[in-house]
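Heads up, the thing below is written out as structure tokens.
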Amino acid sequence: MLDYHVHVVAHGEYEYTREWVERYLEAARAQGIEELGLVEHDEFAHRIDRGLLAGLRQRPGLSPQVRAGLECEYLPGREEEIRRLGRELDCDFLIGSVHFLDGWPFDHPDHVHGWDLRDVDEVYAAYYRMVAAAATSRLFDVIGHLDLVKIWGHRPRRRSELEHVRPLLGVLRQAGTAVEINTAGLRKPVGEIYPAQVLLEALFEASVPVTLASDAHRPDDVGADLGAAVVAARRAGYRRVMGFVGRRARERVL
């Protein structure tokens, strides 16, 4: 069992202290999680206690093994900045995510009204174009919450979600980029894992690797619903998931 998407400072409301991090580790141990990816949004990278994180990564034989990650907002023009952040933090893996479209934070509850002003199909098309650009950049080891655009329950009408994702499959396969099975969607209005089962099955058919993620923003969410993620993965055909050390993928039996 592994959880490769856990935020310690969340959206800036918590501090990166040993006592606070230990609560995440305790939650992971209680669930038998063997690898825990500590990941901050790149805007809060400066809040990471690098000495503390380095010490946590050097705990041979202790569970969970801590991996260092960073969730980077992909925007064209940020490529060199993202490379620099990954080098400075000596990351084990980088997650590429899209939360903004032309400056609009489409997944933020304070900006949900923006959906009323836009054509849903056009939003989907713009979102997946940006995700495709993120994958094409080959900056990332993992694409985060692949179909985040569904978060509020809006669905496209003119093209299915699978049609939007299908052009991504070859890019992901060629780049060797994994996609996370992210259970946070079960805690959102859409009430569905990212990605949806039909998309997960298409990823398997295209030989795109996956990893597991709770997207926890507090200790109580560590490992949340990972059992459901495993069921979804196996139903799609997966028997292995990816962990990461030093930007190198390592298979784990599912």
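The values are calculated or read from the model by the stated rules, or taken from the named source; none is laboratory data. Everything numeric in this text was worked out from a predicted model, so none of it was measured. FYI the Cβ positions are ideal-geometry reconstructions off the backbone, even for glycines, and counts take in every protein chain you see.
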ask   = If you take the residues of region 58-86 that are basic (Lys, Arg) and over 20 Å from Ala178 (Cα atoms), which of them is surrounded by the most Cβ atoms within 10 Å (Cβ to Cβ)?
value = Arg78
Failed item in (1) in a helix (DSSP H, G or I); (2) surrounded by fewer than 17 Cβ atoms within 10 Å (Cβ to Cβ); (3) more than 18 Å from the chain's Cα centre (by Cα); (4) of a type outside the set (A, V, I, L, M, F, W, C), with His164 passing the rest = (2)
request  = Filter the strands (runs of 3 or more DSSP E) completely within region 1-80 down to those with at least 2 residues that are modelled with pLDDT of 95 or more and acidic (Asp, Glu).
outcome  = 35-41, 65-73
query = From the residues in region 172-189 that are among the aliphatic types (A, V, I, L, M) and surrounded by fewer than 20 Cβ atoms within 10 Å (Cβ to Cβ), which one is modelled with the highest pLDDT?
reply = Leu186
Residues (closer than 25 Å to Ala249 by Cβ, loosely packed, with under 15 Cβ neighbours inside 10 Å and not small (Gly, Ala, Ser)) located in region 35-56 = Arg50
query = If we keep just the residues of region 190-232 that are in a loop (DSSP other than H, G, I, E, B) and without any contact (Cβ under 8 Å) to a residue 40 or more places away in the chain, which is nearest to the chain's Cα centre (by Cα)?
reply = Ile193
ask   = In region 233-254, is there at least one residue being assigned to a loop (DSSP other than H, G, I, E, B), among the aliphatic types (A, V, I, L, M), at pLDDT below 95 and under 28 Å from Val21 (Cα atoms)?
value = yes
